[in-house]
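Notes follow the structure.
The values are calculated or read from the model by the stated rules, or taken from the named source; none is laboratory data. Being a predicted model, the structure only gives us computed values, none of them experimental. Ideal geometry is used to build each Cβ from the backbone, glycine not excepted, and the neighbour counts take in all protein chains shown. Ligands, DNA and RNA are excluded from the accessible area calculation, which covers all protein heavy atoms including side chains. Shrake-Rupley method; radii C 1.70, N 1.55, O 1.52, S 1.80 Å.
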Amino acid sequence: MLIGRRAAKPPVAFGDVVILQNLFATDGLILSVLHVAIASATTVHALLNKREVRAAVGWIGVVWLSPLLGAALYLGFGINRVHRKARRLRGLKQTLDAEASNRSAPTTRRERLQLAVGAITGSDLRQADVDLVLDSGEEAYPVMLAAIESARSSVALSTFIFRVDEPGSKFVAALAVARRRGVDVRVLIDGMGGGFFLSRAYRALRAEGVPAARFLHSFWPWKMPFLDLRLHKKALIIDGEIAFIGGLNIAAENLASAPEEARVRDTHFRVRGDVVRQIAEGFDDDWAFATGEEASGSSRTSSRLPAEGEVARAIQAGPDQAVGQLLLVLLSAITAARRSIRIATPYFLPEEQLLTALMLASLRGVDVRLVTPGVNNHKMVAWAVEAHIRPLLEAGCSLYRSQPPFDHAKLMTVDDEWSLIGSANWDARSLRLNFELGLEVYDRDLCQRLSTLIDQKCGRRITLSEIDGRPFLIKLRDATTRLALPYL
């Protein structure tokens with residue numbers, strides 16, 4: 001034995017090499033068969049469930065070209081679990097109302113639009129009077145607090161953001177006082193927007209004995225369905241007779257006293273009439289969804305107040321529906337337009353269907369005006385919008401930026417005859433992922449007032465030369481951000 005030298009390794013026998021080669025070949029065959037089986041199953045799923053051809057082709061390519069990894073990506077990001085989970089939890093099924101389509105043929109554009117939205121939503125038109133248009137917290141909060149203080153039987157509040165700051169503390173106190181005097185009070189706060197790790201409003205309400213729930217919230221991952229499944233509605237319903245709806249959250253940034261860089265300008269509405277019962281039914285449904293409790297019906301008390309205005313219809317939209325109600329309603333309204341379309345929205349990232357509909361409206365002579373914030377509270381959204389609006393400018397649509405501060409209002413009018421108000425934005429989250437509340441209103445006076453309000457928001461006009469004149473790196477940044485359109 002030689003000292004200081006390593007013992008030589010015994011040579012690998014030829015038979016061992018053959019065995020290893022056979023093992024590798026067997027493993028490779030097994031992996032290949034597994035890949036083909038998984039990729040085939042994924043392909044079948046994509047073909048049967050992906051409505052968009054580009055999405056189906058893209059995912060099929062990924063799963064075949066990236067063995068196993070592609071299937072894992074599809075499993076994690078390609079399956080619409082949001083829709084499936086919401087349907088399972090809520091136990092509802094929304095389909096187009098074919099019976100409504102078979103009613104007597106409408107004779108006017110207004111009747112055709114009413115028939116279309118009725119078939120989409122499955123809801124009837126109700127008497128309604130939108131008697132107050134409230135500008136931000138200065139006007140809205142005092143009226144809402146007074147309504148809570150005067151409630152006789154029930155108060156139902158649904159909100160995305162509820163902060164315990166100056167206005168929020170007042171709402172907590174008013175709700176607690178109403179509860180102590182025997183009013184049926186229920187408060188529903190979104191599990192993410194209301195604070196995921198700590199919801200001070202929820203804790204403050206519960207400490208006061210006010211029934212409150214957090215919409216789809218849990219610290220345990222297996223109980224928290226999906227972060228994108230959000231309650232974005234803002235509704236306060238008093239005695240089933242009065243409702244406050246719109247885009248206004250409960251937070252100090254909605255006051256003029258807020259710092260300029262944090263201030264939010266918004267529009268809220270007071271609604272009376274029989275349509276309030278439709279809004280209340282939506283709240284009861286959301287409450288049962290979040291808590292598992294059967295609706296008491298106290299928020300649906302028959303309206304005893306006369307509705308002096310025209311007719312309206314509540315649109316309860318969400319990922320639990322078999323059809324995209326908001327998308328189809330917007331397309332129906334755009335198609336019905338003959339003179340004007342005015343839109344104010346904080347986030348404008350619609351899919352191609354809506355862009356094409358707006359372009360066609362402009363090309364047939366409709367005055368299409370869109371106003372988005374000059375200062376946005378989400379930079380990535382603002383970047384993506386810059387890469388998204390060029391086709392509208394080419395088609396002759398008029399696009400404007402509003403003056404600071406950030407404008408969170410969601411308004412739409414058509415031909416000074418039809419209005420849409422509520423909580424929904426023009427983006428994928430509102431049109432696909434969020435639970436939203438909209439109200440279509442057939443009231444000329446309100447529509448003309450909102451059209452004027454939208455025109456007043458129009459500040460600096462956006463031009464093609466401005467969009468094309470952005471530096472190359474800025475264009476690249478904006479176009480890259482736009483790829484995340486479904487998630488912004």
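A few comments on the model shown:
- Too-long pairs where the Cα-Cα distance tops 23 Å, listed order kept, from LYS379/LYS475; LYS410/LYS475; LYS233/LYS410; LYS170/LYS234: LYS410/LYS475
- With the simple spin-label model, which puts each label point 7 Å out from Cα in the Cβ direction, the GLN403 to HIS378 separation comes to 2.7 nm.
- Average projection area in nm² (convex hull over Cα atoms of segment 425-488, one quarter of hull surface): 6.5 nm²
- Sites listed here are chymotrypsin sites (Phe, Trp or Tyr not before Pro) in segment 175-206 whose DSSP assignment is loop and whose Cβ has at most 10 other Cβ atoms within 10 Å: PHE197.
- Ellipsoid equivalent to segment 359-423 - semi-axes via the Cα gyration tensor, in Å: 22, 17, 9
- Distribution of pairwise C-alpha distances over segment 96-189, 10 Å bins, in %: 13, 31, 21, 21, 13, 1
- Less than 5 angstrom separates the built amide H of ASP367 from those of SER340, ILE341, all sequence-distant by 5 or more or on a different chain.
- FRET efficiency for the ILE79 to VAL143 pair, using the beta carbon distance and R₀ = 41 Å, is estimated at 0.40.
- Under Karplus coefficients 6.51, -1.76 and 1.60, residue-wise ³J(HN,Hα) of segment 133-142 in Hz, glycine/proline x: 10, 9, 9, 6, x, 4, 8, 7, 4, x
- Packing, taken as the mean count of other beta carbons within 10 Å per residue, orders the peptides 110-118, 399-407, 455-463, 423-431 from highest to lowest as 423-431, 399-407, 110-118, 455-463.
- Note that segment 429-488 presents 53 Å² accessible area per residue, ligands and nucleic acids not counted, probe 1.4 Å.
- C-alpha center-to-center spacing [segment 105-119, segment 342-405] in angstrom: 27 Å
- Cα→Cβ-extended label distance, 7 Å offset, between GLN353 and ARG470, nm: 2.6 nm
- Note: segment 336-488, Cα convex hull, 103 Å³ per residue.
- A simple packing score, the average count of other Cβ atoms within 10 Å per residue, orders the peptides 384-393, 464-473, 39-48 as 384-393, 39-48, 464-473, with the highest score first.
- Couplings for segment 463-478, taken from phi via the Karplus curve 6.51 cos²θ - 1.76 cosθ + 1.60 with θ = phi - 60°, read 10, 4, 5, 5, 5, 6, x, 5, x, 4, 5, 5, 4, 5, 4, 5 Hz in order; Gly and Pro are left as x.
- Carbon plus sulfur fraction of accessible area for segment 155-211, probe 1.4 Å, in percent: 54 percent
- Each of ASP131 and SER150 was given a label point 7 Å from its Cα along the Cα-to-Cβ line. The distance between the two points is 0.8 nm.
- Remark: the LEU485-ALA176 segment gains 107.1 nm on full extension, using 0.36 nm per residue and subtracting the alpha carbon distance.
- Cα centroid of segment 139-168 to Cα centroid of segment 408-446, whole Å: 22 Å
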